[in-house]
There are 2 protein chains.
Amino acid sequence: MARLPEYLRALTSLAEAGISVCSSEELAAAVNVNSAKLRKDLSYLGSYGTRGVGYDVDYLRYQIAREIGLTQDWPVAIVGIGNLGHALANYSGFGSRGFRVAALLDAAPERCEESVAGIPVRSFDDLDAVLAETPIAIGVIATPAGAAQGVADRLVAAGITSILNFAPTTLAVPAGVSVRKVDLSVELQILAYHEQRRAGAEELRGAAIAAAGEEQSA
Amino acid sequence: MARLPEYLRALTSLAEAGISVCSSEELAAAVNVNSAKLRKDLSYLGSYGTRGVGYDVDYLRYQIAREIGLTQDWPVAIVGIGNLGHALANYSGFGSRGFRVAALLDAAPERCEESVAGIPVRSFDDLDAVLAETPIAIGVIATPAGAAQGVADRLVAAGITSILNFAPTTLAVPAGVSVRKVDLSVELQILAYHEQRRAGAEELRGAAIAAAGEEQSA
DNA sequence: CGCGTTTTGTTCTCACGTTCACAAACTCCT
DNA sequence: AGGAGTTTGTGAACGTGAGAACAAAACGCG
């Protein structure tokens, strides 16, 4: 389930606050979900709570981390070291959960600095050589939209089965390869849509009030 | 619907390729969705296709853009000009669709350069003053997790009703405020989960084959 | 002008996810 | 030890969204 990471983060917050036991109600409130849904999600990975008491924060944290696979190391390669690639390479939250930036690749490595965040930038053409040196589990595409599909194809051909795509394109990949997409522009458009609907509703309300006023005056 | 932006992008691609008419089947293939679902989505905003022919690319593009609200200007403020804030301010895809970075805010503006991408960085304490100078429709939070809720509260208090949150926290906001979340770490964890399941399935297959072999030999 | 072909718009069915509600189980207090 | 109060885990209803199938409509051709 896609909610497990959220639960995990909330549990980590609780643990840092010194709380060692919490109820499904409390945890659900922290993640803004229904408590029944949360309990069902947790029950899916086993009965790790005690009735009448709640969940042991640290124990549940470990169980969720194990379910997600965070007990192992996930080496990540970032392709495309532009503005976004830089920011991603420097992103501290990366390493905190078993994810490790193991390689930086760019079509034109001479264009950017030789190393970013202490990691050398290699040429994307050397992909196979890099993979031979260090295993890579997840490829992050931070290239312009035009290059994304080509990069994805080559990553898949090199044996990578998990891709996180920041380029504003829908990638076509064979079955058995997971792709997650992060798209700034889509999120903004969704916000704009709701914002516009709110504005439209307000106008309608205003018009209705005006019409009511006219009716009264008529 | 959250798929409209995807359709819009695919249509733009088609238009750039010089295609002026397309069927629901073609468009659906470009976005990796079922054609019936696509037709249903489009019919929700009116009957803009012609049976036996398909959809006029430019016309449909305009209709979707109008539905989303992209025919107007959406001024955006970015709060938190760290690594990510920099990258966002410089992100070119921002302006392409009616979104315009109208203000950059940071708790400590003296820490970063005076201006990023040609836009001056103001102090977040001057939020009200900035809003008085220039209208802001959408607030983008690119601060560390700890500061995010406080920033959100102040944005909401200042009258902003749409927030795009890049900080790894779930924000609590009053009803009537839209929040979209972009969370790198969650996406990676979802990928890791699937990757682990794939690895686990492979092991199980291997074990089953081994067991079958043992059975045969027994 | 009418028929066949193509493609939309829509209806119906189904499956999934969410929510409610309750029984089982555990703790605390007397 | 027993009962009251909590809280989990889960079975059943509910609503929503997805997919298949079909009717209506537009175009082209004879």
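The values are calculated or read from the model by the stated rules, or taken from the named source; none is laboratory data. Computed from a prediction, not measured in an experiment: that's the story for all the values here. Please note: Cβ atoms are built from the backbone with ideal geometry, for glycine as well, and neighbour counts cover all protein chains shown. Heads up: the accessible areas ignore ligands, DNA and RNA and are worked out on the full protein's heavy atoms, side chains in. Shrake-Rupley method; radii C 1.70, N 1.55, O 1.52, S 1.80 Å.
Here are a few things to note about the model shown:
- Of the residues B:Ala192, B:Ala132, B:Ala15, the one that moves most in a GNM of chain B with alpha-carbon contacts below 10 Å is B:Ala192.
- When A and B come together, around 5200 square angstrom of accessible surface is lost from both chains combined, probe 1.4 Å.
- Ellipticity estimate at 222 nm from DSSP helix runs (n ≥ 4, -39,500 (n - 2.57)) divided over the protein assembly as shown, nearest 500: -15500 deg cm²/dmol
- Pairwise FRET efficiency - B:Ala175 versus B:Thr134, Cβ, R0 = 22 Å, nearest 0.05: 0.25
- Interchain or long-range residues, amide H under 5 Å from A:Ala107's placed H: A:Gly80, A:Ile81, A:Phe124
- In a DSSP loop and with at most 16 other Cβ atoms within 10 Å, the trypsin sites (Lys or Arg not before Pro) in the range A:1-106 are A:Arg3, A:Arg51.
- Comparing the full protein assembly with the isolated chain, the residues of the range A:1-15 losing at least 10 square angstrom of accessible surface (1.4 Å probe) are A:Met1, A:Ala2, A:Pro5, A:Glu6, A:Arg9.
- In nanometers and ordered shortest first, the copy-to-copy spacing of the A:Glu133 label point, defined 7 Å from Cα toward Cβ, is 4.7.
- Peptide B:172-185 has a mean shielding of 4, counted as Cβ atoms of other protein chains within 10 Å of each residue's Cβ.
- Summing +1 for each Lys or Arg and -1 for each Asp or Glu among the other residues whose beta-carbon sits under 15 angstrom from that of B:Glu133 gives -1.
- Probe 1.4 Å, protein heavy atoms only - accessible area per residue of chain A in square angstrom: 49
- For chain B, built as a Gaussian network whose Cα springs stay under 10 Å, the top-fluctuating residue of B:Ala147, B:Ala28, B:Ala108: B:Ala28
- Pseudo-label separations to other copies for B:Arg198 - Cα-to-Cβ vector, 7 Å, nm: 4.0
- Taking the Cα centre of chain A as reference, the dipole from Cβ charges on Lys and Arg (+1) and Asp and Glu (-1) amounts to some 680 debye.
- Dipole magnitude for the range A:74-182: computed about the Cα centre from +1 point charges on Lys and Arg Cβ and -1 point charges on Asp and Glu Cβ, it is near 520 debye.
- Under the Debye formula (equal points on every Cα, no solvent term), log10 I(q)/I(0) of chain B at q = 0.09, 0.10, 0.14 Å⁻¹: -0.55, -0.64, -0.97
- Residues of the range A:16-32 buried by at least 30 Å² on assembly (accessible area, 1.4 Å probe, chain alone as reference): A:Asn32
- Positive-pole candidate from B:Leu42, B:Val121, B:Leu105, dipole of chain B, charges at beta carbon: B:Leu42
- Exam field: A:Pro144 pseudo-label spacings to other copies (7 Å along Cα-Cβ), nanometres: 3.6
- Result for chain A in a Gaussian network model with C-alpha springs under 10 Å: among A:Ile160, A:Ile68, A:Ile138, the largest mean-square fluctuation is at A:Ile68.
- FRET E, pair A:Tyr59, B:Glu203, Förster distance 22 Å, beta-carbon r, rounded to 0.05: 0.30
- Dipole magnitude (debye, nearest 20) for the protein assembly as shown, charges at Cβ of Lys, Arg, Asp, Glu: 1080
- Cα Rg, Dmax (largest Cα-Cα span) when computed across the range B:74-182, Å: 12.5, 36
- Closest approach of a chain A Cβ to the axis relating A and B (residue, whole Å): A:Ala87, 2.
- Cut-off 15 Å, label 7 Å out along Cα→Cβ of B:Ser47, residues of the range B:1-41 by amide N: B:40
- Residue range of chain A that is longest and free of GluC sites (Glu not before Pro) which are both DSSP loop and sparsely packed (at most 16 other C-beta within 10 Å): A:1-109
- For B:Asp73 and B:Ala2, the difference between the fully extended length at 0.36 nm per residue and the C-alpha to C-alpha distance is 23.6 nm.
- Sequence-separation-based contact order of chain A, relative, with Cα cut under 8 Å and 6+ spacing, percent: 13
- Long-range amide H partners of A:Val101 with built H, under 5 Å: A:Val76
- The range B:39-82, accessible surface, carbon-and-sulfur percent (1.4 angstrom probe): 47
- Label point distance in nm, A:Glu110-A:Ser123, each placed 7 Å from Cα along Cα→Cβ: 0.9
- Each 20 Å bin from zero up to the one holding the largest Cα-Cα distance in the protein assembly as shown carries the following percent of pairs: 21, 53, 23, 3, 0.
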